[in-house]
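Visitor: Once you've had a glance at the structure underneath, I'll fire off some questions.
The values are calculated or read from the model by the stated rules, or taken from the named source; none is laboratory data. Since the structure is predicted, the reported quantities are computational estimates derived from the model, not experimental observations. Because the Cβ atoms are built from the backbone with ideal geometry, glycine has one as well, and the counts that use them run over all protein chains shown. Side chains are part of the model used for accessible areas, which takes the heavy atoms of the whole protein and leaves out ligands, DNA and RNA. Shrake-Rupley method; radii C 1.70, N 1.55, O 1.52, S 1.80 Å.
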Amino acid sequence: MHVLEYLHRNVKTVAMPSAMVAGALLCRPVTALEAWTHQMITPSLIFLMLFVTFCRVKPRQMHVWLLLFQVVVSAALYFTLLPLDAIVAQGAMICVLAPVAMAAVVIAGMLGANVPTMATYSLLCNMAIALI
């Protein structure tokens, strides 16, 4: 079992740099394959990356307080800056309220972040911003 833990730790350490090097080396062949498949490789890979990451999140691990924090901070920032300039206040509010990229969860998970918390925040943030 010690050997498996050692391999798992080392694979996680070199996974992202290896993927970046492979992407740089295989850029032209993948571009040609992308044209041949009518631009379907990139969306499929992004879907698989996000699907595998979000499948690990259980509903009871979701924290709604993250979304509440984001809405409260953005509103507070808006009303704090409103006396100075309405445009600056709106811009600052949007900077805080803007949805997080879903791929950030995958990358942060590779770097050791708490995936369920980040996934919850990303999903709820995107849904709330769409409704707002």
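Visitor: Let me cross-check Phe69: its accessible surface, 1.4 Å probe, with only protein heavy atoms counted, in Å² to the nearest 10?
Guide: For Phe69, the solvent-accessible surface is approximately 130 Å².
Visitor: Counting residues in the chain as N, plug N into 2.2 N^0.38 Å and put the Cα Rg over that result. Let's see the in-between values first.
Guide: Values: Rg = 19.6 Å, N = 132, 2.2 N^0.38 = 14.1 Å.
The chain yields a ratio of 1.39.
Visitor: Quantify, in whole percent, the carbon and sulfur part of the accessible surface of the chain (1.4 Å probe; protein heavy atoms only).
Guide: 77
Visitor: Continuing with this model, one more query. Heads up, I need the accessible area for Leu26: 1.4 angstrom probe, whole protein in place, Å², nearest 10.
Guide: 90
Visitor: Something else about it: Provide the per residue accessible area, probe 1.4 Å, for the chain, rounded to a whole number of square angstrom.
Guide: Spelled out: the 1.4 Å probe surface of the chain, per residue, equals 73 Å².
Visitor: Quick check for me: using +1 on Lys/Arg Cβ and -1 on Asp/Glu Cβ, what's the dipole size of the chain about its Cα centre, in debye to the nearest 20?
Guide: Roughly 380 debye for the chain.
Visitor: Keeping all protein chains in the complex and leaving out DNA, RNA and ligands, what accessible area do you get for Glu5 with a 1.4 Å probe, in Å² to the nearest 10?
Guide: Accessible area, nearest 10 Å²: 100 Å².
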